[in-house]
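The values are calculated or read from the model by the stated rules, or taken from the named source; none is laboratory data. As the structure is a computational prediction, the values presented were derived from the model and not from experiment. Quick reminder, even Gly has a Cβ in these numbers, built from the backbone with ideal geometry, and neighbours come from all protein chains shown.
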Amino acid sequence: MRPRAARLVAQGRAALTAARVRAVEARAQHPGVRPPSVASRTRVAPRNGVRPRSVASRPRAASRAGRGRLRTGRLQAFSDRPTRYRPPDVRSVPPIDSEYTLSELDVGRGVAVPVPAGLRLPSSRTLCAALALAASATAVTWADGLDWTPDRALLVFLAPALVLRRGRRYLLDFVPFALLILAYAECRGLAHLASPHPFYRPQLWLETHVLGGVPAEWLQARFWRGTMQWYDGAAAKLLNVHFVVPPLVAFTLWTRRRLLFYRFATSMVALSFASAVVFLVYPSAPPWAAGQAGLLPGVVKLPPVDDVSSLGAATPTPANPYAAIPSLHAGYAFLAALTVAGVVLASRIRLRRTLAALCFLYPLAQSLAVIYTGNHYVVDIVIGCAFATAAYAGTNRAFRRLEPVLAFAAARPPLSRGDARA
């Protein structure tokens, strides 16, 4: 339940409790007096010059008799337990857990199926936005594959933002984010031009002495057949998903709450530029480069194609084949898993701990894919996850201090008002 809705429900319950207390006190002080009904307060026009007597002007014999009956019984103490009153046309009254269950009461046809607390049913506009997202993603993937560069991802998610009538706000939030990621890609390529000679032996020595061998060499010796198999293609596609998951998580958080998007975007930008500094200071050769140098015979790069760009195969951004430490394949995946798991744990969804644990299956699969394809050592993955954890923790701590200011700036506008209130 959102804080505003929880506050409204609490105020409603407090008002109902106060009304009950006032009713009990009034009955205790004036046992025979009842509040005037609506009919008694309504003025009736005289008929044939004779005005009908109101309830207040009638003899009080009945009220006196009622007073005697009230005096004979004991007045029960007030209790905060819910009343047992039920409207005559309703079979059962549902509990009020959140603002989404207030509409469950259907007086004409009973009670609708209750919605679990913390779960909202999608509206028609949300379904149309999901269809627009599926159509735009299919079109971009059909044309250029899964190499979603920041400009392509910007176009993919523009369609559902327009359906949600939040196109202007989407551009204001996502264009700076895309420009920063493009700037990081340029810095990544320039780091290779400034430091073209990588380090081979430190990470290889650490991998051998800590793990007793190189996992990339072990996996390729048992699964690589010299030609592409179905699992080789699956590993290659999983590497390309690396370009899809971060913008998808960012857009999903943006539709839920813009402050969550700001946190994720800031942590991702911080992780990217911190990694670019390491790429400049310590260019690291991946296992396939060590195989070409004769240090790891038999280890090749999978799939056997050249790396054209750091953002995908169709951009002029200079590539950096020695950007191995930290591993951003693992870093981005682990950062996305941390963010989604944090949102799930903060919700009221059932089995939220199980769902939060399942979020980490994606970085595990991504790490296995980059090891098998010879793109990273296990040491690279551990350092990438450490960088992602530091970026996530540092960003959350900074936003926690700035939350009173950013909450007002990131207030979500009503969808029905369009971009005029965005």
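So, in region 357-366, exactly how many residues are part of a helix (DSSP H, G or I) and free of Cβ contacts under 8 Å to residues at least 40 places away in the same chain? Quick ask: steps written out before the conclusion?
As a first pass, look at region 357-366 and keep what is part of a helix (DSSP H, G or I): 357-358, 361-366.
From the residues that got through so far, the ones that are free of Cβ contacts under 8 Å to residues at least 40 places away in the same chain too are 357-358, 361, 363-364.
Total meeting the criteria: 5.
Quickly run through region 368-394 and pick out the residues that are at pLDDT 95 or above and of a type in the set (S, T, N, Q).
Thr389
Among residues belonging to region 190-212 that are of a type outside the set (A, V, I, L, M, F, W, C) and either under 38 Å from the mean Cα position of the chain (by Cα) or closer than 13 Å to Val299 by Cα (or both), point out the one that is surrounded by the fewest Cβ atoms within 10 Å (Cβ to Cβ).
Filtering region 190-212 for residues of a type outside the set (A, V, I, L, M, F, W, C) gives 192, 195-198, 200-203, 207-209, 212.
If we keep only those that are either under 38 Å from the mean Cα position of the chain (by Cα) or closer than 13 Å to Val299 by Cα (or both) as well, we get 192, 203, 207.
On the way: His192: 19, Gln203: 25, Glu207: 22.
Ranking the qualifying residues of region 190-212, first place goes to His192.
Just give me the residues in region 192-232 being small (Gly, Ala, Ser) and free of Cβ contacts under 8 Å to residues at least 40 places away in the same chain, in sequence order. It would help to see each step written out before you state the result.
Taking region 192-232 first, the residues small (Gly, Ala, Ser) are 194-195, 212-213, 216, 221, 226.
Scanning region 192-232 gives Gly212, Gly213, Gly226.
I'm trying to understand the selection: among the residues of region 176-191, which are touching a residue at least 60 places away in the same chain (Cβ under 8 Å) and touching a Pro at 6+ places or on another chain (Cβ under 6 Å)? Quick ask: steps written out before the conclusion?
Our first condition is that a residue be touching a residue at least 60 places away in the same chain (Cβ under 8 Å); within region 176-191, this holds for 177, 180-182, 184-191.
Once the filter is applied, which keeps residues that are touching a residue at least 60 places away in the same chain (Cβ under 8 Å) and touching a Pro at 6+ places or on another chain (Cβ under 6 Å), region 176-191 yields Ile181, Leu182, Gly189.
In region 337-351, how many residues are surrounded by fewer than 23 Cβ atoms within 10 Å (Cβ to Cβ), in a helix (DSSP H, G or I) and in contact (Cβ under 8 Å) with a residue 60 or more places away in the chain?
Counting residues in region 337-351 that are surrounded by fewer than 23 Cβ atoms within 10 Å (Cβ to Cβ), in a helix (DSSP H, G or I) and in contact (Cβ under 8 Å) with a residue 60 or more places away in the chain gives 2.
Given the condition among the β-branched types (Val, Ile, Thr), out of contact with any Gly (no Cβ under 9 Å at 6 or more places or on another chain) and within 20 Å of Ser367 (Cβ to Cβ), answer yes or no: does some residue in region 220-243 qualify? Steps first, please.
Going through region 220-243, the residues among the β-branched types (Val, Ile, Thr) turn out to be 227, 241.
Okay, now just the ones that are also out of contact with any Gly (no Cβ under 9 Å at 6 or more places or on another chain), so 227, 241.
Still in the running and within 20 Å of Ser367 (Cβ to Cβ): 241.
Yes, because at least one residue in region 220-243 is among the β-branched types (Val, Ile, Thr), out of contact with any Gly (no Cβ under 9 Å at 6 or more places or on another chain) and within 20 Å of Ser367 (Cβ to Cβ).
I'm told Thr354 meets every condition in (1) polar (S, T, N, Q); (2) surrounded by 14 or more Cβ atoms within 10 Å (Cβ to Cβ); (3) assigned to a helix (DSSP H, G or I) except one. Can you identify the failing condition by its number?
All conditions pass for Thr354, except number (2).
For region 233-268, enumerate the residues that are among the charged types (D, E, K, R) and either part of a loop (DSSP other than H, G, I, E, B) or surrounded by 19 or more Cβ atoms within 10 Å (Cβ to Cβ) (or both). First the steps, then the outcome.
Pass one, region 233-268, residues among the charged types (D, E, K, R): 237, 256-258, 263.
Of everything in region 233-268, those that are among the charged types (D, E, K, R) and either part of a loop (DSSP other than H, G, I, E, B) or surrounded by 19 or more Cβ atoms within 10 Å (Cβ to Cβ) (or both) turn out to be Arg257, Arg258, Arg263.
For Pro326, which of the numbered conditions (1) modelled with pLDDT of 90 or more; (2) farther than 18 Å from Cys187 by Cβ; (3) crowded, with 18+ Cβ neighbours inside 10 Å fails to hold?
The one condition Pro326 does not meet is (2).
Of the conditions (1) within 29 Å of Thr227 (Cα to Cα); (2) at pLDDT 90 or above; (3) among the β-branched types (Val, Ile, Thr); (4) loosely packed, with under 15 Cβ neighbours inside 10 Å, Val300 clears all except one; give me its number.
Failing condition for Val300: (4).
Check Gly145 against each of (1) surrounded by 13 or more Cβ atoms within 10 Å (Cβ to Cβ); (2) of a type outside the set (A, V, I, L, M, F, W, C); (3) touching a residue at least 60 places away in the same chain (Cβ under 8 Å); (4) on the phi < 0 side of the Ramachandran plot and name the one condition it does not meet.
Evaluating Gly145 over (1) surrounded by 13 or more Cβ atoms within 10 Å (Cβ to Cβ); (2) of a type outside the set (A, V, I, L, M, F, W, C); (3) touching a residue at least 60 places away in the same chain (Cβ under 8 Å); (4) on the phi < 0 side of the Ramachandran plot leaves (4) as the failure.
Any chance you could count how many residues in region 162-218 are basic (Lys, Arg) and touching a strand residue (DSSP E or B) at 6+ places or on another chain (Cβ under 7 Å)? Give the steps one after another, and end with the answer.
Within region 162-218, the first condition is being basic (Lys, Arg), and the residues that meet it are 165-166, 168-169, 188, 201.
The next check asks that each one be touching a strand residue (DSSP E or B) at 6+ places or on another chain (Cβ under 7 Å); those that pass are 188.
Adding up the residues that qualify gives 1.
In region 147-186, which residue that is outside any helix (DSSP H, G or I) and under 22 Å from His242 (Cβ atoms) is modelled with the lowest pLDDT? Walk me through how you get there before you give the answer.
So in region 147-186, the residues outside any helix (DSSP H, G or I) come out as 147-149, 164-166.
Filter again for under 22 Å from His242 (Cβ atoms), leaving 147-149.
Values: Asp147: 81, Trp148: 88, Thr149: 88.
Selected residue: Asp147.
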